[in-house]
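Written out below as structure tokens is the structure these notes cover.
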Amino acid sequence: MKKIINDPNQVVQDMAEGMVAAYPDKLKQLPGTTVIARKDAPVAKKVGIVSGGGSGHEPAHAGYVGKGMLDAAAAGEVFTSPTPDQVFEAIKAVNGGAGVFLVIKNYMGDVLNFEMAAELAEAEGIQVEKVIVNDDVAIDDQSSRRGIAGTVFVHKIAGAKAEQGGSLEEIKAVADKVVENVRSMGMALTPCTVPAAGTPSFQLAENEMEIGIGIHGESGIERKEITTADEIAKELTDKVLHDFEFTGDAAVMVNGLGSTPEMELSIVNKQVQSILAEKGINVYQTFVGEYMTSLEMAGCSVTLLKLDDELKALLNASSHAPAFHG
Amino acid sequence: MKKIINDPNQVVQDMAEGMVAAYPDKLKQLPGTTVIARKDAPVAKKVGIVSGGGSGHEPAHAGYVGKGMLDAAAAGEVFTSPTPDQVFEAIKAVNGGAGVFLVIKNYMGDVLNFEMAAELAEAEGIQVEKVIVNDDVAIDDQSSRRGIAGTVFVHKIAGAKAEQGGSLEEIKAVADKVVENVRSMGMALTPCTVPAAGTPSFQLAENEMEIGIGIHGESGIERKEITTADEIAKELTDKVLHDFEFTGDAAVMVNGLGSTPEMELSIVNKQVQSILAEKGINVYQTFVGEYMTSLEMAGCSVTLLKLDDELKALLNASSHAPAFHG
Amino acid sequence: MELNVQDIAAWIEKSNEKMQANKEYLTTLDQEIGDGDHGINMVRGFQEAASKITKQDYTKPADVLKDTAIMLMSKVGGASGPLFGTAFLKLSMTVKGNDTIDFGTFANGLEESVNGIKQRGKATEGEKTLVDVWSKMADYFRREKDFDQDKIAEEAKNAMEQTIDMMATKGRAAYFKERSIGHVDPGSASSFYIFQALAEVIGRRD
Amino acid sequence: MELNVQDIAAWIEKSNEKMQANKEYLTTLDQEIGDGDHGINMVRGFQEAASKITKQDYTKPADVLKDTAIMLMSKVGGASGPLFGTAFLKLSMTVKGNDTIDFGTFANGLEESVNGIKQRGKATEGEKTLVDVWSKMADYFRREKDFDQDKIAEEAKNAMEQTIDMMATKGRAAYFKERSIGHVDPGSASSFYIFQALAEVIGRRD
Ligand SMILES: Nc1ncnc2c1ncn2[C@@H]1O[C@H](COP(=O)(O)OP(=O)(O)O)[C@@H](O)[C@H]1O
Ligand SMILES: Nc1ncnc2c1ncn2[C@@H]1O[C@H](COP(=O)(O)OP(=O)(O)O)[C@@H](O)[C@H]1O
Ligand SMILES: [Mg+2]
Ligand SMILES: [Mg+2]
Ligand SMILES: [Mg+2]
Ligand SMILES: [Mg+2]
């Protein structure tokens, strides 16, 4: 394991401190936790938006904390959901009186721990609503689909709605709309190594790739021989298009999983765009880069979000989060 | 070699098309070249800023093309300078009548090819000025120091000056000032693989790292046993501080070389900031992320730029480049 | 035989020792059909639970169980934290007030634990999760009359091993569908260690 | 003996063949003390030069050399492109107008090439660059009277091998200081192939 770290058991704490040190005017770390919140949280009368999950997905989730996006992100250990007490601290810290909205990725761990936190918060009289993101079409059964890169669109749009003064119900409605209209599919060329584990999460031969990968270093749904960028892009995009009828306008995200050079993401994007053009889907905005990673995994995912006028406006709204500029 | 590409000989062309496809409103590719320019180039009466170099450093250089930063970036083959004809096309495309300024990294290849292009341009009556960036303190001899991550600050500040209507001479003066006041130092944990070569650029044992690395997958100045993030940060920062007297305000960049998770960059940043605080250097702004990469190399560099009021204002000026938000 | 507060504390400490000793094995299991953190998660949780319990003086078994539950919930993270936390919390609630726990009460407690786990995780038997061990153990306790070291350990081992042939339909392993068959469920393995630890505590008392 | 336009065209084509055949070797050399692209660069440049020359009919050697220079400058990239381009451009300028090139003219041309390379690259002899081969070859031509296949190849080989013990002070290899000693300079190796190709063309004529 080659990593630039101090102690495998301290990576999340060190990272949180390093992040706040980079943006001391924008972010703060809640004492005794690895929760990162907007420096000015709680914002009075604004619904607070809280997300989070295991660490190792950087810039998710703390990179999306900022005016116009998340109010706080709770960071668990690497690939491990934050515990209810941490999420509860995040909820309390961002509650400006209008309630708190949770953006949860659909993993049993995240769902359980966030739900327990919500129960604790409700017991203290804080109104809590949530959305569970399940954009990963690699899984057939819709209820057990994972939340992956599409989550970033939920952060952005729910965050914008809150910034504009949306109520908890309005935010819930628009977040649900994003979840209904967003689909992703990923693949990987290499595994990654959880610092505390010290060994790669799985083994892949020099000529193999995994299709239908999540963001926790797990193997994919199918192991195949490596093929060209064009064919990979086609396989991912086709799977997404097959799952949901995309028509009209869409936002596209070509997301790198950690160690894929931007060069390769651009090459994938070229083909994705040409497939969409062929299908008559109008690309309203494209995001190419690392938005939701899996440590140093090599690979990428393709996300499509069908847009209506409301979603376009919210996607376009300004964001001050370090990792999302809009 | 595991890469998401089509043909090793087509990566630069494919990438250029993919980049423009991602930002069709902002960027254009000059026909018959792999030069990417601002969509609205040439901007009348504004000095055009041109940079570029080998590919494989993404988001450099095309990611820095946009209002407030570069007008065009010429992309050579991977780690290979663009040829004079390509740079010449870039110069012609951005010349709005006020001349063109070249930001060149100090590699013999870049210097030679850009200089030849400048001669071609001058022969056609285009006024050309240039700066050669040599921020890499790993090399003792100042004249042969490489240009690495500090180049991004030159792009930003020269670009802002041009956007504000600066003359060729004024831009040259402020770019020179940046070069005088910027220092970087890098290290790597792994080599990288040039697509057309197919094999890693060097070999490193599981417990080894390279100190004093450039951005072309080359080995460093010194091979050492891997140590902690804190010690790595200290070694890089100390070397930078030892080379130049940083006092007052500074901008800091903790740059990832390609496959280093953002988690690790944040951990490095934590220690860099604490060293600077100890030395009484006031950090005006911090940049943590991938700004100047070396394909999928794992490693990082630390850059410091001493700031005066002029540089601060220019660093702060707005940028519409896809990879630099300010 | 009845379990007193020292027995329960010893149970948690022994469980912790087993998690420490098998951390790598649990992680390997989770790398095969999960995300490779189960060993790390369990060690983190039981480490904290054990050190909390060692530092404190307890008079009631329920308090030891409750602190264990809280530590697991607040330190494990991942799916297993709330589930194991719930298991110990339900056990604690069942034996609340008691100075010692007799076999029947323990059996009732396990039944409550299983129900709690199933409810939280929305899982049932046969889905290749820790439910499969806890549920089999609750059945076993319902059938039997008194604590028996060997039988408890054996029963738990069998239950764990039966997860090998199951196809996962809950948790991360479910993503692998048929590919999940042929591997021990990580959460069932750690559950086995918990019951093995219980058996050893009983053995010490015999 | 004088070299005619076919000879010069054959020289470039043969150089191309040698670059293709030794692409991997050149790249390996450049991985050791550079950035690993030299083989790729030279192949790209000479491939284009050769195919341009094959497609076209030339009457003057200078035109072949000039097109070679332009292709190298506009296709190689990297440090070596402008340098090899300059070398062929200077050679072309020296023989401009001639139908054939005699030994003395070729010697003059090489001298111009060396000066051009040195000026562009701001390098001199002994800095472990392609200057070391071109300069030695210019010296050799100045000393001799007529083209000699074996001697040319041998001289170029020696010059290349002498770069092994040098410490680089120009180009990327200079970053490695002492560590650059013990390796053949990549640009000198490709220069050797160019002169070896010349020798073979001469051999064919003998
Ligand atoms: N819905 C569920 N119900 C019961 N147990 C579950 C459920 N989901 C997962 N588990 C158990 O949790 C174990 C994985 O725990 P762990 O690796 O710590 O968490 P995570 O899956 O979040 O990484 C699985 O082996 C399984 O036994
Ligand atoms: N300043 C210089 N003068 C002469 N030759 C040089 C100089 N710098 C580099 N070279 C030659 O160029 C070769 C490297 O070429 P190449 O790998 O194609 O370019 P780059 O170094 O830009 O990657 C070196 O081996 C050396 O012979
Ligand atoms: Mg986990
Ligand atoms: Mg090069
Ligand atoms: Mg797990
Ligand atoms: Mg080279």
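The values are calculated or read from the model by the stated rules, or taken from the named source; none is laboratory data. Note that the coordinates shown come from a computational prediction; the quantities given were computed from them, not determined experimentally. Cβ sites come from the backbone with ideal geometry, for glycine too, and all protein chains shown count toward neighbours. Ligands, DNA and RNA are stripped out before the accessible areas are found, and what is left, the full protein with its side chains, is counted by its heavy atoms. Shrake-Rupley method; radii C 1.70, N 1.55, O 1.52, S 1.80 Å.
Let me check against my output: what whole-number percent is the relative contact order of segment C:104-200, with C-alpha pairs under 8 Å and at least 6 apart? Write out the running numbers ahead of the final one.
Numbers: 136 pairs, mean separation 29.8, N = 97.
It rounds to 31 percent for segment C:104-200.
If the viscosity is 0.692 mPa s and the temperature 37 °C, what translational diffusion coefficient in µm²/s does Stokes-Einstein give for segment C:1-83 when Rh comes from Kirkwood over Cα pairs? All intermediate terms of the calculation are to be shown ahead of the outcome.
Numbers: Rh = 13.0 Å.
D, rounded to a whole number, is 252 µm²/s.
Helix D:80-94 sits at what angle to the longest principal axis of chain D, using alpha carbons and giving 0 to 90 degrees rounded to 10?
Around 30 degrees separate the two axes.
Which translational diffusion coefficient, to the nearest whole µm²/s, is obtained for segment A:182-314 from the Stokes-Einstein equation, given a Kirkwood hydrodynamic radius over C-alpha pairs, 4 °C and 1.567 mPa s?
Numbers: Rh = 15.1 Å.
In µm²/s, the coefficient rounds to 86.
For a quick check of understanding: with a 1.4 angstrom probe and all protein chains in place, what accessible area in square angstrom does A:Leu30 have, to the nearest ten?
Accessible surface of A:Leu30 is approximately 20 Å².
Name the residue farthest towards the positive end of the dipole of segment D:5-205 from the options D:Ile70, D:Leu110, D:Val43, assuming +1 on Cβ of Lys and Arg, -1 on Cβ of Asp and Glu, about the Cα centre.
Positive-most Cα among the choices belongs to D:Ile70.
Positive end of the dipole of segment C:138-206, charges at C-beta (+1 Lys, Arg; -1 Asp, Glu), about the Cα centre: which of C:Gln149, C:Phe192, C:Gly203 has its Cα farthest in that direction?
Of the options given, the answer is C:Phe192.
So if I average 1/r over every pair of distinct C-alpha atoms in segment B:43-129 and take the inverse, what Kirkwood radius in Å does that give? It would help to have the intermediate numbers written out before the result.
Values: mean 1/r = 0.0804 Å⁻¹.
Answer for segment B:43-129: a Kirkwood hydrodynamic radius of 12.4 Å.
For a label point 7 angstrom out from the Cα of B:Asn316 toward its Cβ, which stretches of segment B:245-272 have the backbone nitrogen within less than 14 Å?
Within reach of a label on B:Asn316: B:249-251.
Suppose only helical runs count, i.e. DSSP H with n ≥ 4. What mean residue ellipticity at 222 nm does that imply for chain D under -39500 (n - 2.57) per run, divided by all residues and rounded to the nearest 500 deg cm²/dmol? Please list the in-between numbers first.
Working: 9 runs with 142 residues, N = 206.
That comes out to -23000 deg cm²/dmol.
Determine the sum of side-chain charges near C:Ala174: Lys and Arg each +1, Asp and Glu each -1, restricted to other residues whose C-beta is under 9 angstrom from that of C:Ala174.
Values: positive: C:Lys128, C:Lys170, C:Arg172, C:Lys177; negative: A:Asp141, C:Glu127.
Taking every other residue near C:Ala174 into account, the sum is +2.
Kindly work out what percent of the DSSP beta bridges joining two residues of segment B:10-181 are antiparallel, to the nearest 5. Write out the running numbers ahead of the final one.
Details: 6 of 21 bridges.
Of the beta bridges lying entirely in segment B:10-181, close to 30 percent run antiparallel.
Stokes-Einstein D for segment C:5-205 at 25 °C, 0.890 mPa s, Kirkwood Rh over Cα pairs, in µm²/s? Write down the numbers at each step before the final one.
Working: Rh = 16.4 Å.
The estimated diffusion coefficient comes to 149 µm²/s.
Please compute, for the alpha-carbon atoms of segment B:69-109, the extent along each of the three principal axes and give them in descending order in Å.
31, 18, 17
Eigenvalues of the Cα gyration tensor times 5, then square-rooted: what semi-axes does that give for segment A:154-213, in whole angstrom, largest first? Provide the component values of the computation, followed by the final result.
Values: eigenvalues 292, 46, 11 Å².
Output for segment A:154-213: semi-axes of 38, 15, 8 Å.
Looking at segment A:182-314, what % of its DSSP beta bridges pair antiparallel, to the nearest 5?
Details: 22 of 30 bridges.
In segment A:182-314, approximately 75 percent of DSSP beta bridges are antiparallel ones.
So how compact is the protein assembly as shown: Cα radius of gyration and Dmax in angstrom?
Cα only, the protein assembly as shown: 32.5, 113 Å (Rg, Dmax).
Over segment A:8-181, what is the mean sequence separation of C-alpha contacts under 8 Å (at least six apart), divided by residue count, expressed as relative contact order in percent? Mind dumping the intermediate values first?
Details: 391 pairs, mean separation 35.9, N = 174.
For segment A:8-181, the relative contact order is 21 percent.
With a 10 Å cut-off between alpha carbons and a GNM built on chain A, which of A:Asn207, A:Asn282, A:Asn134 moves the most?
Looking only at A:Asn207, A:Asn282, A:Asn134, the largest GNM fluctuation is found for A:Asn207.
Return the inverse of the average 1/r over all pairs of distinct C-alpha atoms in segment B:218-294, which is the Kirkwood hydrodynamic radius, in Å to one decimal. Could the numbers behind the result be given before it?
Values: mean 1/r = 0.0752 Å⁻¹.
Hydrodynamic radius (Kirkwood, Cα pairs) of segment B:218-294 is 13.3 Å.
P(r) of chain A in 10 Å steps, Cα pairs, percent per bin?
6, 29, 36, 22, 6, 0
Per residue, how much accessible area does chain A show when a 1.4 Å probe rolls over the protein heavy atoms, in square angstrom?
On the way: 9740 Å² over 326 residues.
Accessible area per residue: 30 Å².
Just tell me the longest site-free run in chain B, where the sites are GluC sites (Glu not before Pro) in a DSSP loop having at most 14 other beta-carbon atoms within 10 Å. All intermediate terms of the calculation are to be shown ahead of the outcome.
Working: sites that count: B:Glu124, B:Glu206, B:Glu245.
Longest stretch, sites excluded: B:1-123.
Once phi is turned into ³J(HN,Hα) by the Karplus curve 6.51 cos²θ - 1.76 cosθ + 1.60 with θ = phi - 60°, what whole-Hz value does each residue of segment D:47-56 show in order, with x for glycine and proline?
After applying 6.51 cos²θ - 1.76 cosθ + 1.60, I find 4, 5, 4, 4, 6, 5, 5, 5, 6, 10 Hz.
Taking only C-alpha pairs under 8 Å that are 6+ residues apart, what is the relative contact order of chain D in percent? Could the numbers behind the result be given before it?
Details: 381 pairs, mean separation 47.7, N = 206.
Averaging sequence separation for qualifying contacts and normalising by length gives 23 percent for chain D.
Name the chymotrypsin sites (Phe, Trp or Tyr not before Pro) in segment A:205-314 that are in a loop by DSSP and that have at most 16 other C-beta atoms within 10 Å, would you? Don't skip to the end; give the middle numbers.
On the way: sites: A:Phe244, A:Phe246, A:Tyr284, A:Phe287, A:Tyr291; in loops: A:Phe244, A:Phe246, A:Tyr291.
Passing both the DSSP loop test and the Cβ count: A:Phe244.
Chains C and A: how much accessible area gets covered up at their contact, both sides added, probe 1.4 Å, in Å² to the nearest hundred? Could you put the intermediate results ahead of the total?
Details: alone 9220 and 13060 Å², together 19880 Å².
Heavy-atom accessible area buried at this interface is about 2400 Å².
Please check chain D for the longest run free of trypsin sites (Lys or Arg not before Pro) that are loop-located per DSSP (anything but H, G, I, E, B) and have at most 14 other Cβ atoms within 10 Å. Walk me through the intermediate numbers first.
Details: sites that count: D:Lys96, D:Lys122, D:Lys145.
That gives D:1-95 as the longest site-free run.
If you wrap segment A:8-181's Cα atoms in a convex hull and average its projection over all directions, what's the area in nm²?
Spelled out: convex hull of the Cα atoms, projected over all directions, averaged, 9.1 nm².
Apply the Karplus parameterisation 6.51 cos²θ - 1.76 cosθ + 1.60, with θ equal to phi minus 60°, to every residue of segment A:86-92 and state each ³J(HN,Hα) to the nearest whole Hz, in sequence, with x for glycine and proline.
Once θ is set to phi - 60°, the couplings for segment A:86-92 become 5, 5, 4, 4, 4, 4, 4 Hz.
Could you let me know the centre-to-centre spacing of segment A:169-220 and segment C:1-65, using Cα atoms, in angstrom?
Here the answer is 30 Å between Cα centres.
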